[in-house]
Every structure is written in structure tokens, then in C-alpha cells.
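So the structure is just underneath, and the comments pick up after that.
The values are calculated or read from the model by the stated rules, or taken from the named source; none is laboratory data. Bear in mind that the values here come from a model prediction, so they are computed numbers and not experimental data. For neighbour counting, all protein chains shown are included, and Cβ atoms are generated from backbone atoms with ideal geometry for every residue, glycine included. All accessible areas refer to the heavy atoms of the entire protein, side chains included, with ligands and DNA or RNA removed. Shrake-Rupley method; radii C 1.70, N 1.55, O 1.52, S 1.80 Å.
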Protein chains: 2
Amino acid sequence: MNAASSELARQAEQLSADVVRPIPGSRKIHVGGPRADVRVAMREIVLERTPTLFGGEDNPPLAVYDTSGPYTDPDASIDLTRGLPRLRERWIAARGDTHELPALTSTFGRKREADPKLDAIRFGNRARPRRALPGANVTQMHYARRGIITAEMEYIAIRENQRLEALTDAGLRAQHPGQSFGASIPARITAEFVRDEVARGRAIIPCNINHPESEPMIIGRNFLTKVNANIGNSAVSSGIAEEVEKLVWAIRWGADNVMDLSTGKHIHETREWIIRNSPVPIGTVPIYQALEKVGGRAEELTWELFRDTLIEQAEQGVDYFTIHAGVRLAHVPLTAKRVTGIVSRGGSIMAKWCLAHHRESFLYEHFEDICEIMKAYDVAFSLGDGLRPGSIADANDAAQFAELETLGELTQIAWKHDVQTMIEGPGHVPMQLIKENMDRQLACCGEAPFYTLGPLTTDIAPGYDHITSAIGAALIGWYGTAMLCYVTPKEHLGLPDKHDVREGLMAYRIAAHAADLAKGHPGAQARDNALSKARFEFRWQDQFNLGLDPERAREYHDTTLPKDAHKAAHFCSMCGPQFCSMRITQDVRDYAAGREVATAAGIAAGMREKSAEFRAAGGQVYVPG
Amino acid sequence: MNAASSELARQAEQLSADVVRPIPGSRKIHVGGPRADVRVAMREIVLERTPTLFGGEDNPPLAVYDTSGPYTDPDASIDLTRGLPRLRERWIAARGDTHELPALTSTFGRKREADPKLDAIRFGNRARPRRALPGANVTQMHYARRGIITAEMEYIAIRENQRLEALTDAGLRAQHPGQSFGASIPARITAEFVRDEVARGRAIIPCNINHPESEPMIIGRNFLTKVNANIGNSAVSSGIAEEVEKLVWAIRWGADNVMDLSTGKHIHETREWIIRNSPVPIGTVPIYQALEKVGGRAEELTWELFRDTLIEQAEQGVDYFTIHAGVRLAHVPLTAKRVTGIVSRGGSIMAKWCLAHHRESFLYEHFEDICEIMKAYDVAFSLGDGLRPGSIADANDAAQFAELETLGELTQIAWKHDVQTMIEGPGHVPMQLIKENMDRQLACCGEAPFYTLGPLTTDIAPGYDHITSAIGAALIGWYGTAMLCYVTPKEHLGLPDKHDVREGLMAYRIAAHAADLAKGHPGAQARDNALSKARFEFRWQDQFNLGLDPERAREYHDTTLPKDAHKAAHFCSMCGPQFCSMRITQDVRDYAAGREVATAAGIAAGMREKSAEFRAAGGQVYVPG
């Protein structure tokens, strides 16, 4: 690496110690499938034996979906200045439809590369950019439509199943029927199913050929609900090292995707560091950077400048672009009477441009040109909702739904080019209006994956909008949204720090999982079942480790009962050692064991004879600890 | 007061400074109605003038429901050792159907009163207990059924309306139509409506005649959704002073009711301190204390001992009792195959008793005797869900719904005695199964108010169960639940401290408000509208103060932009000073002003002419700060 970047490298070293510690009670496993070169990283939670009191039995480890990449693997060697291993590099090369470019092709990228003042902050270990051969289309959708199952699709099929087939215990597999509102979730995800969903546009695999470090993942209503975390500096705060730390921190807590929304200086260099170190897809809003290039004057934006920005970012490896091409000239005045007008930054940039030029935006007019760029690198569209409501009052209004219809038209154009596409949605929406958003999106956009911010179900809780929005996110996820964009406690107030990123992600992992349970996603309940069994059996360590945040759970337990011995205690602080509901339940269970308890009459008969027996034995349910 | 209690008094003094500070930006108001002796405390949030940039106008203050009692009123003199003023004392006396007792009538209460060892912790300023005259029934339901509108009902009508009639601004009054699932919410709450709802059992007013300090409130599906907070020490933690502080802290953050779930020693004395200082109704689970009295041996519980406990607590002023009379002998074995068995403490106590004695519980067999006690003091039933599910796996099972049917039968018996009754429900329930709980409860229990714990929508997030359950609470509140029992981040892990109480309450105030918005409760959206208008106009202080937690909002804003000047800044840290969506919206608004923007064609025509004008003016939307 470049000697001049040593200061940044030193910072990056410091960061790694904090964010790469293994997740308690878990080990990294790699699960193989039909293809020898596809091995899927998962996290396996190792469980203790059930105490003899509760029947004594082994509890097999539980495999869970893992977004944290190599960072939580103690066997992995992490060096942020080198970037992650290029997992997909050979798959991409083997397809033979791309070539390495001799240099960056964007004007801006070349300029930054040639600027010696940037040496100190430039990522040093960059591979040469790759692009489709002339005339080739390298999107996963294009392969899927030609019947090709890619390595990425194989990876995803294994990943989505979370080793469900290893769950042989009927109790762990037990699950309530879901209510899926028309989703088509199979009992088992196959690579062919993945291919088919991508082919019909109902799911996307964001995987730019210039981001070979990414572990393939899929976004679609028939797969596990995903969560996106936004990071990014602004003019006011945050530097490169801090943003990389936020990335690694975010994926530790379950971010399936990360959007880099930086608006300050060094956007280009920050992005490079993030992508090279990211095992999850990275999304951006290219118009933000384009705006920086014209000094913040929206009306000076041009197609040429924007095009150069797309190519710049595509060659860095951005996996999906938010493009606000749905903000049409005629939509803008529909926002005039809103309480909070246009709250999307991208939307307001384009609205300002449209007002200044009195014409349709260059995003709309050049949409097919954008498709050409997307398919040369396999960048997916995230069609931006520039007119999303910023308050309860503005929910589901004419501006919002007019834009949604345009997004539906643009989806058809993108699909004509086999460009993968998802649709952005919500904002602030009260509960009773959420379903209409989902229903209209499915109808307008041909089931292209919906990707929503929240929605926030009330405006009145600044400081707690991760909660106002987790409520809406759980609902819209249940109704069919494929990916939930998280909201942190700092929403509306400031930029999230590490604490906020963790809080936001936990709220959204909860919302996503609640949605999977409600849809009836196969196997979704296994982790709940395993955790509740551990809870009932007073396996405290297992309860912590099966949770979404083992560290927080342990810390809270320690606050009341700090001693290690209490982690094996057959009571908890809520009731104390003298009385415990769960112990009494075991009593009921022991009593009922061995007899058929199907009818109330049978129960009564059985209980009469057992009653004396129970009392004769001292009515004792507490076994000495 | 007793000199011996000086140590506790000193502690109580120390506490008061922290929890009684006024809520920022608010002032206490007292709103009158037809009766001169009914003046309802509310909190009025005072707002700034709209900046000239956004049209310059006055923003009238907004009155909001206030649970915090006199504690947040700088004009009130607070002395925890004296207790709160007895707001309802004259109303109760004036009805002429009660009399003061010469002394406590419970054996236990008398014993405690006579014990000099308790002098140091005894509340010193107790009024003499009051009871119905022989043969009298003093419940609000009894009055309501005879057509009497009580002062409590007058108070509630004013309180529930939150001065909606003062909101003359059409923008603030704007509200989306709700989806109420069969609720019957009037446009304006009248005292007659309150009476009618109480008469038909669809709402309750928990207001023991021995708790005259309480500010009347109502629980019913056609009123604002309420939130209950649990406090209470256990064998492991917490003392009297700490519990009183938790009470005052809980109502500061919006607890409409507080349940004292203490299980340790000095339950009686702790409860007295809590009730005397509580402006909100206090609930208990009397079986907890009864169990203490028999040394934790459930099978030794007797009707006589339990009866004495009910009278002891009724004469202290407990407003509602959780009574687990629905746990019938035949239900117990239905829990044997559950993943987490019986998780309700009361439920497992009764289950153990039933197993040991092989008969129906004394709660069930003596239910009419209990009604006689309830109506002599106006204690309301909260019929306990002893068999609620403790895991997703156990949701909506035979045990749970068998108990619910029994609770429906008991409701009819309670109503025969004109005893106010609500029904406890949920626990852990995935989203798709929540509605069935509500629908069955409405059907089984004749629309008696439903009062639910959560439900938690997944088991896998220990440390974040305020969020897993706020999702479920918002949903079930929308479907018709009248009061939500909060869950704190410490659920399943330990006892909540002050921080946890605040977090839990915020999550639940959000859920309750989201439910009110979704049901279409009249005026519910006014606060959202006011806050969003403040947000749009960069009135930062107003945005903080209109929020549920002004202190947290301000603190978060300060983290990124600490300077006072930034509170008047027309930008925020998310985008920085150079670019701001909201400013661009103002531009759109200015542009559209004065012209009709009803049709897309009209818009396009208007925009053509305005475009040149806009550019000629420099396209400038940022007015120098």
C-alpha cells in the first residue's frame, strides 16, 4: 500500500479491534452445495445441554443468516487497507462476458486518481475496473431470463435456507400458518426458484461485477425480509475511518445492505474504502455526488455530468443506484399544499431542476441511457421515491401515488433491458394507510421488490423514530415489502453514531423477523422456538446467544444478577428464587406426562387420582439448586 | 408525620427534585366545564411564531393529555410525605352512599398498623378508610346504569377531548379517515357518552373511593388508547423510595395507570406510599401478596386469607385488581405440551393450587363474594390471563382461548353486580395471529375493555422487547384494545430501572398514538400536524416540545449541532447548510402560490411561464441566515 496513506491505515487498524470481535456463543461455518466453489458463510449458535431437571437432552446448534462477513470470524485475517477477499472474482471472470479496463473510464474518476493530494486518503489496493464486453449484458436478470443459474443464485439458495434441513426436531420446526397476502414462498428455496424470481423481476441480486467482495444476497417478497442501513458523512460531520467503522458495525448487527449517503468532500475516496471492505451490497444516490460537483446548484446539473458520475460509481462497484427518475415536471406542484412538501433530498434536487428548466428531468429523459450503463456493470435500480410523504398529513397523497405510477412505467423500461429493479417507498404513513401503499406498488410495478423507509406511523416522537418506524416496517414487511430501510433514533435530529446504528438495526431486524413470522416464511419460527425452549429451561447463556444482540441481553441480566452463578440459576430477578412460574409449569408437565390429556373429562379424572399423590409427595416443585 | 419515618422522608425529598421538573415548553392549565368543581389538568405546549420566510403567523398553543399530575406543575407544592391533594374527596362524600370507617377492617391491615417496627417506613398522613354504606353499590357502573353522570364522568369528557374545540385551524384539524374495526368513536366525547359506555360495560373508570387523589381517566375502545406501566420491587431488588420515584417517573413519561407488582417484604407499606402520591389509578395482583403471607407455598392459600388481602388493599385505595379466576382446573393440563408452559405468575400460582387441591380455585368459586367486595369500594376487575402464551409457539392455543371463554362468563357475573371489568390478554403472539385475539375477546367478553401485555411479535430479541412488543401493541390497539401494558427493555432479563421505565413508556406511547391515528380517533392527528409544521418551518424548539420526549429530542440534536444558534438554523445536520430539501419545497410552494394547480395541464401551462421568471430571479432559494 501507499506509504502516504499510513495515517488512515493506522486509524483503520485501530477500528478493527472493536468491531471484529466474534459474536458470543457463535462460530462461523461454511455450508457447501452442489458447486464446489460455492461455500456459504453462516453463523452457528452452539447450545448447551438441557438440564436434567427439564429432561436432559442435547440441543443441536442453530444456523442463522449472517451478514457480518469475515469480520466476526476469528480465523479470518482482516486488513482494511487490503480489502476483503474477492469471493466472486472467478465466477465473474468465468462467465467470459466482461473484460478488465486498462483504467477508469469516468472523467471524474481519472481526475481523482491523478491527484497527488489525495494519496494520503486513497485506498491503495484497488483492482482494475471491469465492464461488460461491447454489446454484452451482465445482469443477473439477463442470465436468469436465459435460464442460466449463476453461482450467485446457488449461493443465495443455500443462504436463504439457513440449514433448515438440519432441523430435525419437530418442536423446533413447529410453526404457525402465515398470512402472506399473495406471496408465493416455497417450502424450500432452490437455485431454480431464485433464478425464476429474478427472471420475472420479483427479486433482485445486487452484485456489481466491480464488487466481487460481496456475498450474494437477494431482495424479494418471497425471500427473507432484508434490512438496509444508511451510513455516510455530511458537510457537518464524520470522516473516512468513521464511515468504514460504521459499515463493519452495521453488518455486525444485521444490515443486509448498506447505503453510503455521504455528501461531504472525499465522497469518491470514502466510497472506495467502504466497497473494498464490504461483504454486503452497497447502494448510493449518485445525484448527491453530482450535486457536489456543481457546487450545490441543482439547476446546473446536466446529463453529461450525471452520466460520468454513474460510470465513476459503477466502476467502483456500487451495487445499486437510487435514481429519482419518477419526479416528473407535472408532479412537482402536487406537493405545494403539503404540510412538509418534498422531504427526499433527491426528490427536491430534481424538483428544483425541473422548476428551473421547465422540462422533464434528465433522469427521466435519459432513462434508457441509464439502463445501458446499469447493464454493463450489473448495477440494480432502486427507483427513488422523491415525493414520499414527510408527515402523517401528507401520506398517500396525489404526489406520492403519481410518482409511483411513473416508477411502474420505468420498471417496465428497465426490465426491457434486463436491468434489475426495486422500488423505493413510504416515509410517514399511519397504520391504516400502509396496506394501500403495498397494494398499489404491487399493482403498478409488477411485483418488483418494494424497498421502504419505515414507514413512520406517527410524527410525534423525535428521538424514538426507530420505534415509530419499526411498527410500520413490520406491517409493510408482512404485507410484502422485500427490504426495509432502517431509521435510527437520531432521525430528524442529527447524524447517527455507532450507538444509533445498533439501535436502528435491532429495531429493524425485529421488524423484518416479525414480518417473516407473519408471512409464514418456512423455518422462520425455529429461532423463536429454540430461544423460548432455552428460556423455559433456564439456559441463560443460550437465551442470550440466540437473541439478536447477545451482548446487550447479557449486560441487562448482569445489571440485576451480576454473578456468574446466576447464569445457571433456575430463577430470575423478576420473581426471585422463592417463586417461579416456569418451575410450576414443569410441575404441570411432569404431572401430565404419560397420560392422554385430550379431553377435559379425561383430565379431571386423571387429576383426581393424582391430586392426593401430589400432596403426599409434599407438593414440592423446587429442586434444591 | 411520624418522626421515626424521617429517613424515608429524607429519601423522598431527595427524589422529588429529579422527577418534578416541568416539561420543557409546556405549562399546566386547568380546563373547566359545566360543573364548577371539575377542573381538568392538561399540559399546554406553547409554540413560537412561524418565521417570516415561511409566511410568518402565530401558532396557537396545543393542549395535550397529561398524566403527570401536579408533579410537573411549578405552582404545585409537592411533599411526598403528605401525599397529593384529595381531588375527588368531596365528590365521593357528596354522593352520600359511603361512610368513613373507624379503622381498617382487614386483619392484616390492622396488624401492620399496630406494629411499631413499621413506624419508620409507614406513610404518616393517611385518611380514614371509606366503604359503601351497607347494601350500597358505589361503582361508577352502578351510577351509570341508573343514569347518573358523576363528576368523574364530567372530568373524563373534558380530559378526553384535549381542547379539540380550541383547534380552529383547518390544517391542524386535518386527519385521514381511520379504520376502526367496529369501534364507535364519536366526533366529540360528552359526559353522557362516557356514562353510556360505562353503563354498557364497554369502558371502565378505575377510581376506588379510597384513592381520592386520582385524576379520573377512562379505559375503553372508544376513548384514547391508554398505557399501563408496571413497577414494584421483588425479593431481589428495590426499596420503597425507589418505587415512589418510579411511579412519579412513569407518569411523567405518560403512564395512564401504574400497577404495583411488588413481591418483597413491606408490600403493604410500599403500596400506601405509592397510592397516596399517585394521580393515576393503581392496580395490583392481590394473589402476590397473599402468597407472601403463606411463605410462598401456593397450596396453603385460602379464600379467607385472600379475602382479607382484597379488603386490606381495597381500603388502601387500589383501583383495580388482577384476579386470575379464569384459570380453571380443566385448563391446567392444556398447558402441558407448551414450549413455555404457564408464564403468568398469578396463573401458575393458581394452577399449582388447583393441582394440589384438585378442585376449582377459590377465585372461581368465590367470584360473587369478590364482586361484593369490589362494589363496596369501587375496585374494578382486571380479569387476569393466567394462561397467556409466553412464546410465539404457544400463541392462540387451546389453553389461552379456554381461559378467555371463562373470562367472558365471569364478565357477565361481574356486570350483574355492576362491577367494572376489563380483560387481560396477549403475551407473545406473531402478527398474523393478533387479530384473532381481539376478535375473540370482543365476542367472548361483550366488548369489555381489553388490556394486553404487548403482544411481543417475536421471541428473539431479549434486550429489545419494548420494541418487539410495541409492534404488537400498536396492532392490537388499532384492532380495539383499550389499554396497553408496557414492556421494558429488561423484560425476560431483569428488573427495570428508571431508564428502562422511560424507554418502555416511550415505546408504548408511540404504539398507543399510532393506534389512535389508525382508528381515526377525532383530533388524534392534531399533534402530528403541529409537529410536522414546526419541523418544516425549522422551529426546532417547537419540534422538540411537541414530541413525546422533548428532553431526548433536544439532547440528540445537541450531539451533532450543539450551539444554541443552530436551534434557529434553517438547516439541519442531515444535509448541512448548503442543501436542504425543505427549503426547496418552500420554493415550490412560493411558485405554486396564487395559481390553481388542480390539473396537470394547468400546471404545465403555468410552469412554462414561470420558468423563465424563476431563472431570471437567480434561481435562488436560500435566503441569507
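Look through A:Ile287, A:Ile240, A:Ile275, A:Ile231 and report the one residue that is closer than 16 Å to A:Asp500 by Cα and in contact (Cβ under 8 Å) with a residue 60 or more places away in the chain. Lay out the reasoning, then the answer.
Numbers: A:Ile287 fails: closer than 16 Å to A:Asp500 by Cα; A:Ile240 fails: closer than 16 Å to A:Asp500 by Cα; A:Ile275 fails: closer than 16 Å to A:Asp500 by Cα.
So the residue among A:Ile287, A:Ile240, A:Ile275, A:Ile231 that is closer than 16 Å to A:Asp500 by Cα and in contact (Cβ under 8 Å) with a residue 60 or more places away in the chain is A:Ile231.
If I filter region A:122-141 for residues that are part of a helix (DSSP H, G or I) and open to solvent by 40 Å² or more (accessible area, probe 1.4 Å), do I get at least one hit?
Going residue by residue through region A:122-141, those that are part of a helix (DSSP H, G or I) are A:140-141.
From the residues that got through so far, the ones that are open to solvent by 40 Å² or more (accessible area, probe 1.4 Å) too are none.
No, region A:122-141 contains no residue that is part of a helix (DSSP H, G or I) and open to solvent by 40 Å² or more (accessible area, probe 1.4 Å).
If you scan region A:70-105, which residues turn out to be of a type outside the set (A, V, I, L, M), open to solvent by less than 70 Å² (accessible area, probe 1.4 Å) and modelled with pLDDT under 95?
Pass one, region A:70-105, residues of a type outside the set (A, V, I, L, M): A:70-75, A:77, A:79, A:81-83, A:85-86, A:88-91, A:95-100, A:102, A:105.
If we keep only those that are open to solvent by less than 70 Å² (accessible area, probe 1.4 Å) too, we end up with A:70-73, A:79, A:81, A:83, A:88, A:91, A:95-99, A:105.
A:Pro70, A:Tyr71, A:Thr72, A:Asp73, A:Asp79, A:Thr81, A:Gly83 - these are the residues of region A:70-105 that are of a type outside the set (A, V, I, L, M), open to solvent by less than 70 Å² (accessible area, probe 1.4 Å) and modelled with pLDDT under 95.
What is the one condition in (1) out of contact with any strand residue (DSSP E or B) (no Cβ under 7 Å at 6 or more places or on another chain); (2) closer than 20 Å to A:Glu403 by Cα; (3) within 11 Å of another protein chain (Cβ to nearest Cβ) that A:His466 does not satisfy?
(2) is the only condition that A:His466 fails.
Would you mind listing the helices (runs of 4 or more DSSP H) fully within region B:340-446 where at least 2 residues are within 14 Å of chain A (Cβ to nearest Cβ) and surrounded by fewer than 24 Cβ atoms within 10 Å (Cβ to Cβ)? Spell out the reasoning first.
Details: elements: B:345-357, B:362-365, B:367-377, B:398-416, B:434-444.
Of the helices (runs of 4 or more DSSP H) lying wholly inside region B:340-446, those with at least 2 residues that are within 14 Å of chain A (Cβ to nearest Cβ) and surrounded by fewer than 24 Cβ atoms within 10 Å (Cβ to Cβ) span B:345-357, B:398-416, B:434-444.
Restricting attention to region B:491-501, and to residues there that are open to solvent by 10 Å² or more (accessible area, probe 1.4 Å) and more than 9 Å from chain A (Cβ to nearest Cβ), which single residue is farthest from B:Ala470 (Cα to Cα)?
Among them, the one singled out is B:Lys498.
Of (1) at pLDDT 95 or above; (2) part of a helix (DSSP H, G or I); (3) farther than 24 Å from A:Val285 by Cα, A:His499 satisfies all except one. Which?
The one condition A:His499 does not meet is (1).
Among the residues of region B:89-121, what is the count of those that are in contact (Cβ under 8 Å) with a residue 40 or more places away in the chain, within 25 Å of B:Arg307 (Cα to Cα) and in a loop (DSSP other than H, G, I, E, B)?
Residues that pass the stated criteria total 5.
For region B:48-62, does any single residue satisfy the condition of being open to solvent by less than 20 Å² (accessible area, probe 1.4 Å) and more than 23 Å from B:Gln541 (Cβ to Cβ)?
No, region B:48-62 has no match at all.
What are the residues in region B:502-536 that are facing chain A (nearest Cβ under 7 Å), in contact with a strand residue (DSSP E or B) (Cβ under 9 Å, 6 or more places away or on another chain) and open to solvent by 10 Å² or more (accessible area, probe 1.4 Å), if any?
Within region B:502-536, B:Arg527 is the sole residue that qualifies.
Only one of B:Thr458, B:Thr452, B:Thr481 is modelled with pLDDT of 95 or more, more than 17 Å from the chain's Cα centre (by Cα), crowded, with 24+ Cβ neighbours inside 10 Å and more than 30 Å from B:Gly135 (Cβ to Cβ); which?
On the way: B:Thr452 fails: more than 17 Å from the chain's Cα centre (by Cα); B:Thr481 fails: more than 17 Å from the chain's Cα centre (by Cα).
Only one candidate qualifies: B:Thr458.
Regarding region A:537-560, can at least one residue be identified that is facing another protein chain (nearest Cβ under 8 Å), open to solvent by less than 30 Å² (accessible area, probe 1.4 Å), in contact with a helix residue (DSSP H, G or I) (Cβ under 8 Å, 6 or more places away or on another chain) and modelled with pLDDT under 95?
Yes: region A:537-560 contains one or more residues that are facing another protein chain (nearest Cβ under 8 Å), open to solvent by less than 30 Å² (accessible area, probe 1.4 Å), in contact with a helix residue (DSSP H, G or I) (Cβ under 8 Å, 6 or more places away or on another chain) and modelled with pLDDT under 95.
Between a residue in region B:404-430 that is on the phi > 0 side of the Ramachandran plot and any residue that is of a type in the set (Ser, Thr, Tyr) and not in a strand (DSSP E or B), which pairs come within a Cβ distance under 7 Å, given they are 6 or more apart or on different chains?
B:Asp418/B:Thr139
Could you tell me which residue of region A:296-335 is farthest from A:Ala398 (Cα to Cα), considering only residues that are charged (D, E, K, R) and in a helix (DSSP H, G or I)?
Going through region A:296-335, the residues charged (D, E, K, R) turn out to be A:297, A:299-300, A:304, A:307-308, A:312, A:315, A:319, A:328.
Of the ones still in play, those that are also in a helix (DSSP H, G or I) are A:299-300, A:304, A:307-308, A:312, A:315.
Details: A:Glu299: 25, A:Glu300: 28, A:Glu304: 32, A:Arg307: 30, A:Asp308: 33, A:Glu312: 35, A:Glu315: 37 Å.
Checked region A:296-335; the qualifying residue farthest from A:Ala398 (Cα to Cα) is A:Glu315.
Counting only residues that are in contact with a Ser or Thr (Cβ under 9 Å, 6 or more places away or on another chain) and at the interface with chain B (Cβ under 8 Å from one of its Cβ atoms), which one in region A:473-490 is farthest from B:Thr560 (Cα to Cα)?
Step one: of region A:473-490, the residues in contact with a Ser or Thr (Cβ under 9 Å, 6 or more places away or on another chain) are A:473-478, A:480-487, A:490.
Then drop every residue that is not at the interface with chain B (Cβ under 8 Å from one of its Cβ atoms), which leaves A:474-475, A:478, A:490.
On the way: A:Ala474: 29, A:Leu475: 31, A:Trp478: 35, A:Lys490: 10 Å.
Among them, the one singled out is A:Trp478.
Go through region A:149-192 and count every residue that is among the aliphatic types (A, V, I, L, M), crowded, with 18+ Cβ neighbours inside 10 Å and outside any helix (DSSP H, G or I). Talk me through it step by step, then tell me what you get.
Step one: filter region A:149-192 for residues among the aliphatic types (A, V, I, L, M), giving A:149, A:151, A:153, A:156-158, A:164, A:166-167, A:170, A:172, A:174, A:183, A:185, A:187, A:189, A:191.
Pick out the ones that are also crowded, with 18+ Cβ neighbours inside 10 Å and you get A:149, A:151, A:153, A:156-158, A:167, A:172, A:183, A:185, A:189, A:191.
From the residues that got through so far, the ones that are outside any helix (DSSP H, G or I) too are A:149, A:167, A:183, A:185, A:189.
Residues in region A:149-192 being among the aliphatic types (A, V, I, L, M), crowded, with 18+ Cβ neighbours inside 10 Å and outside any helix (DSSP H, G or I): 5 in total.
Tell me yes or no: at least one residue of region B:156-169 is free of Cβ contacts under 8 Å to residues at least 60 places away in the same chain and within 22 Å of B:Thr481 (Cα to Cα).
No.
Just to be sure I understand, how many residues within region B:203-251 are modelled with pLDDT under 95, part of a loop (DSSP other than H, G, I, E, B) and open to solvent by less than 20 Å² (accessible area, probe 1.4 Å)?
Counting residues in region B:203-251 that are modelled with pLDDT under 95, part of a loop (DSSP other than H, G, I, E, B) and open to solvent by less than 20 Å² (accessible area, probe 1.4 Å) gives 3.
Do we have any residue at all in region A:19-41 that's farther than 28 Å from A:Arg173 by Cα and surrounded by 19 or more Cβ atoms within 10 Å (Cβ to Cβ)?
Filtering region A:19-41 for residues farther than 28 Å from A:Arg173 by Cα gives A:19-21, A:36-37.
Within this subset, residues satisfying the condition of being surrounded by 19 or more Cβ atoms within 10 Å (Cβ to Cβ) are A:19-20.
Yes, region A:19-41 contains at least one residue that is farther than 28 Å from A:Arg173 by Cα and surrounded by 19 or more Cβ atoms within 10 Å (Cβ to Cβ).
For A:Gln316, state whether it is over 28 Å from A:Val429 (Cβ atoms), within 14 Å of chain B (Cβ to nearest Cβ) and of a type in the set (S, T, N, Q).
Values: over 28 Å from A:Val429 (Cβ atoms): yes; within 14 Å of chain B (Cβ to nearest Cβ): no; of a type in the set (S, T, N, Q): yes.
Answer is no for this residue.
Restricting region B:294-335 to residues that are aliphatic (A, V, I, L, M) and more than 27 Å from the chain's Cα centre (by Cα), which is surrounded by the most Cβ atoms within 10 Å (Cβ to Cβ)?
We begin by selecting, within region B:294-335, every residue aliphatic (A, V, I, L, M); these are B:294, B:298, B:301, B:305, B:310-311, B:314, B:318, B:323, B:325, B:327, B:329-330, B:332, B:334.
Filter again for more than 27 Å from the chain's Cα centre (by Cα), leaving B:294, B:298, B:301, B:305, B:329-330, B:332, B:334.
Working: B:Val294: 13, B:Ala298: 22, B:Leu301: 24, B:Leu305: 17, B:Leu329: 23, B:Ala330: 18, B:Val332: 29, B:Leu334: 23.
Result: B:Val332.
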